[in-house]
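Peer 1: What follows is a structure written as structure tokens; I'll ask about it next.
The values are calculated or read from the model by the stated rules, or taken from the named source; none is laboratory data. Keep in mind it's a predicted model, so treat the numbers as computed, not measured. Reconstructed Cβ throughout: ideal geometry from the backbone, glycine too, with neighbour counts over all protein chains shown. Remember, those area values only see protein heavy atoms, side chains included, never the ligands or the DNA or RNA. Shrake-Rupley method; radii C 1.70, N 1.55, O 1.52, S 1.80 Å.
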Amino acid sequence: HIIEQKELRINLPAKEVIVHDKPVNLTRKEFDLLLYFISNKNKVISKSALAEHISGEIADMFDNFDLVYAHIKNLKKKLQEAGCGNYLKTLYGSGYKWEV
């Protein structure tokens with residue numbers, strides 16, 4: 001029930017993210033996104049797939065992806081501030097990819 005990738009450790013039952021032995025305070029959506037990226041490691045994930053993952057079926061009603069951008073921006077910022085490597089890559093025009 002523990003996922004480890006380099007300096008990043010995720011305790012699934014506790015819903016806890018730790019970088020370099022320091023806890024990282026993520027929202028539920030950020031935590032879910034992180035798990036989604038890690039479970040799809042090295043795969044390109046489109047903005048629409050992320051919107052659907054975040055919002056469920058109502059994602060089809062959105063014309064823009066501001067919600068996706070905001071959650072990803074916050075997730076990246078929190079991980080980088082904790083000292084985590086830049087594993088979440090933005091692929092302009094395609095989506096995002098978690099590379100370790």
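Peer 1: Just to be sure I understand the model, the point goes 7 Å from the Cα along the line to the Cβ. What's the resulting ARG9 to ASN25 distance in nm?
Peer 2: In this crude label model, ARG9 to ASN25 measures out at 2.1 nm.
Peer 1: Considering only protein heavy atoms and a probe of 1.4 Å, how much of the accessible area of the chain is carbon and sulfur, as a whole percent?
Peer 2: Here carbon and sulfur together make up 49 percent of the probe-accessible area.
Peer 1: Which length gain, in nm to one decimal place, applies between LEU91 and LYS43 when the Cα-Cα distance is subtracted from 0.36 nm times their residue separation?
Peer 2: On the way: separation 48, 0.36 × 48 = 17.28 nm, distance 1.11 nm.
Gain in length upon complete extension: 16.2 nm.
Peer 1: Give me the angle, in degrees from 0 to 90, between the Cα long axis of helix 28-39 and the longest principal axis of the Cα atoms of the chain, rounded to the nearest 10.
Peer 2: Approximately 80 degrees, to the nearest ten.
Peer 1: With the other protein chains left in place, how much accessible area per residue, in square angstrom, belongs to the chain at a 1.4 angstrom probe?
Peer 2: 62
Peer 1: Please compare each pair in LYS6/LYS41; LYS22/LYS97; LYS6/LYS47; LYS15/LYS78; LYS43/LYS89 to a cut-off of 22 Å on the Cα-Cα distance and tell me which ones are over it.
Peer 2: Correct reply: LYS22/LYS97; LYS6/LYS47.
Peer 1: While we're looking at this one, here's another question. Using DSSP to call loops (not H, G, I, E or B), can you name the trypsin sites (Lys or Arg not before Pro) in segment 20-100 whose Cβ has at most 15 other Cβ atoms within 10 angstrom? Please report the intermediate quantities before stating the final value.
Peer 2: Details: sites: ARG28, LYS29, LYS41, LYS43, LYS47, LYS73, LYS76, LYS77, LYS78, LYS89, LYS97; in loops: LYS41, LYS43.
Here the trypsin sites (Lys or Arg not before Pro) that fit, given the DSSP loop and packing criteria, are LYS41, LYS43.
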